[in-house]
Amino acid sequence: EGIDNGGGKIVSLSAASHQVLNRRAIIDHKLLTALNRNDLQVVYQPQFDIKSDEVTLFEAFVRWNDDELGYVMPDELIPIAEENGLIHEIGAFVLEEAATLAADWNARKRPVKVAINSSAREFTNPSMKESVLDILEKTECPATYIQLEITEKFAFQAEEEKSISIQMKELQDEGVEFVLDDFGTGFASFRYMQHLPISKIKIDKLFIQSLLTQPKTQQLVDGMIQFGKSMSMYVVAEGVETKEQFDILKKMGVDAVQGYYIGAPVTAEDISI
Ligand code: C2E
Ligand code: MG
Ligand code: MG
Ligand code: MG
């Protein structure tokens, strides 16, 4: 119950660091059971397309509300799942829920797409493509209703990178679209773009938050929008919370916006389209 500081005196770990370690271990331990018991949930956030002046897509986010742990949000959950391997099960679960919804909405209501966040790491699994196609078949959801958002959090080995890009290209051939999420904050944007079939970028909310207060941010965002356009990509701004942010982004030429100003993530039952 402590760390030897070298001076022969035992220093105890703070109660807070114990709690963090403990919570992480509990999440790691309970996740599989939670998945099997269907305790995870999916919420959806609208994305507003400027040109058509309507919501054309909903992005899916995983949620887990545990009796003991309370809400376990993705920023906490996903890194643990990436480490223990359950990221594949989470990805499959979220995709199945979202694809079922997209198929239903398109059949009964109007054309609308769904976006699913997937860890690029999921694509290092050689059966990722098959797993995605199986779920689309099972849910009777055309691949063209689906967008997969990936982030640039990792560097990969050459072999892994090959598996990722081959599977992504094959899925793109089937009609799945790929989005580079959190654009501007990762470390490999341009490299990803060189090798991966990306057709859409999402400017990270970090930049949107200081858009109106920092002239430099405005220049950066303007540069990202121009870059996206020069690459014939669809450009989205995420984390748009105010009318002022919406108005300036529209003027700057983004294709779509997402954020609390348009709507917060909610469960499927709370969406009317
Ligand atoms: P992301 O894909 O960039 O999603 C945006 C995050 O910002 C979401 O947080 C969303 O709830 C939140 N957000 C939306 N609008 C606003 C706004 O106007 N202001 C602010 N401050 N925040 C806003 P969330 O749901 O906690 O997810 C965090 C990240 O975790 C996501 O970032 C995504 O990278 C990852 N993630 C979420 N669900 C999944 C999943 O099912 N699978 C995987 N692999 N990753 C996921
Ligand atoms: Mg996303
Ligand atoms: Mg993002
Ligand atoms: Mg993010």
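The values are calculated or read from the model by the stated rules, or taken from the named source; none is laboratory data. Note that the structure is predicted; figures quoted are calculated from it, not measured. Every residue, glycine among them, receives a Cβ derived from its backbone with ideal geometry; neighbour counts consider all protein chains shown.
Looking at Ala98, Ala115 in this structure, which one is assigned to a strand (DSSP E or B), touching a strand residue (DSSP E or B) at 6+ places or on another chain (Cβ under 9 Å), within 16 Å of ligand 2 (Cβ to nearest atom) and under 15 Å from Leu57 (Cα atoms)? Just one listed residue meets the conditions, Ala115. Residues of the range 180-202 that are of a type outside the set (Lys, Arg) and part of a strand (DSSP E or B): Leu180, Asp181, Asp182, Phe183, Ile198, Ser199, Ile201. Tell me yes or no: at least one residue of the range 258-269 is within 15 Å of ligand 3 (Cβ to nearest atom), over 15 Å from the mean Cα position of the chain (by Cα), buried (at least 18 other Cβ atoms within 10 Å of the Cβ) and at pLDDT 95 or above. No: the range 258-269 contains no residue that is within 15 Å of ligand 3 (Cβ to nearest atom), over 15 Å from the mean Cα position of the chain (by Cα), buried (at least 18 other Cβ atoms within 10 Å of the Cβ) and at pLDDT 95 or above. Exactly one residue out of Ser119, Ser165, Ser210 is of a type in the set (Gly, Ala, Ser) and closer than 30 Å to Lys243 by Cα, and it is Ser210. When the range 126-153 is examined, which residues are found to be polar (S, T, N, Q), touching a residue at least 24 places away in the same chain (Cβ under 8 Å) and outside any strand (DSSP E or B)? Ser131, Thr139, Thr144, Thr151 - these are the residues of the range 126-153 that are polar (S, T, N, Q), touching a residue at least 24 places away in the same chain (Cβ under 8 Å) and outside any strand (DSSP E or B).
Of all the numbered requirements in (1) more than 15 Å from ligand 4 (Cβ to nearest atom); (2) within 14 Å of the chain's Cα centre (by Cα); (3) not acidic (Asp, Glu), Ile203 misses one, and that requirement is (1). The residues listed here are Lys250, Lys162; of these, the one that is farther than 24 Å from Val62 by Cβ, assigned to a helix (DSSP H, G or I), out of contact with any helix residue (DSSP H, G or I) (no Cβ under 8 Å at 6 or more places or on another chain) and touching a residue at least 12 places away in the same chain (Cβ under 8 Å) is Lys250. Count of the range 148-195 residues, restricted to those that are within 16 Å of ligand 2 (Cβ to nearest atom), in contact with a Ser or Thr (Cβ under 9 Å, 6 or more places away or on another chain) and either over 22 Å from Ser127 (Cα atoms) or at pLDDT 90 or above (or both), is 13.
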